[in-house]
Each structure stands twice: as structure tokens, then as C-alpha cells.
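This report concerns only the one structure given below.
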Amino acid sequence: MAEFELKNTIKVERAKRNMTQAELALMIGVSRKTINTIETGKFIPSTITAFRIAKAFNVRPEQIFELVSNE
């Protein structure tokens, strides 16, 4: 069975907007540590959190998150 990883471009999107992890966290109602662990791939966000992140950047979730096969 294939293994998958959820990649994201949160750090890139934040940099485009000169936004800190803390600012994004405040906007979507999570902790700065949560943003950090999602960015680094240590934590997979809930669907609601993923949609909130996308909304904060005014893009669709699939523009931030991508499911990648490890094969």
C-alpha cells in the first residue's frame, strides 16, 4: 500500500505577506506551535484548520496543501 505525505506551502505564503507564525495563528484561532508543526509536516491539520489557513491567505486549500506519494 502506498504511503502519503501532506506537503504545504504555508511558510511561502506567510513570507509573501510578511506574516509571522503568531499572526497567522491568531487569525485562525490556533497556537503558534500548531502553525509550526503543520508547516514542518510534523502534524496534519484538521480539515477545518486547513480551510481556515487557506481562507487567511485568500486561496483554495489545494493551493496550500498537496498529498504526495512517498514511493
Could you please rank Ile28, Ile35, Ile48, placing first whichever residue has the fewest other Cβ atoms within 10 Å of its Cβ? Ile48, Ile28, Ile35
Among Phe4, Met27, Pro61, flag the residue with its Cα farthest along the positive direction of the charge dipole of the chain, charges on Cβ as +1 for Lys/Arg and -1 for Asp/Glu. Met27
Within the chain, helix-based [θ] at 222 nm, where runs of 4 or more DSSP H residues each add -39,500 (n - 2.57), nearest 500: -12500 deg cm²/dmol
How big is the dipole moment of the chain about its Cα centre under a simple scheme where the beta carbon of each Lys and Arg is +1, that of each Asp and Glu is -1, and everything else is neutral? Debye, nearest 20, please. 440
Which of the three applies to the stretch 27-71, rounded, prolate or oblate, going by the alpha-carbon gyration tensor with a ≥ b ≥ c and a/c under 1.5 meaning rounded? oblate
Got a sec? How would Glu66, Glu13, Glu3, Glu23 order by Cβ neighbour count within 10 Å, fewest to most? Glu3, Glu66, Glu23, Glu13
If contacts are Cα pairs under 8 angstrom and at least 6 residues apart, what is the relative contact order of the chain in percent? 48
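We did not get these values from a lab; they are worked out from the coordinates using the rules stated. Quantities reported herein were computed from a predicted structural model and do not represent experimental measurements. Glycine also receives a Cβ, built like all others from the backbone with ideal geometry; neighbour counts cover every protein chain displayed.
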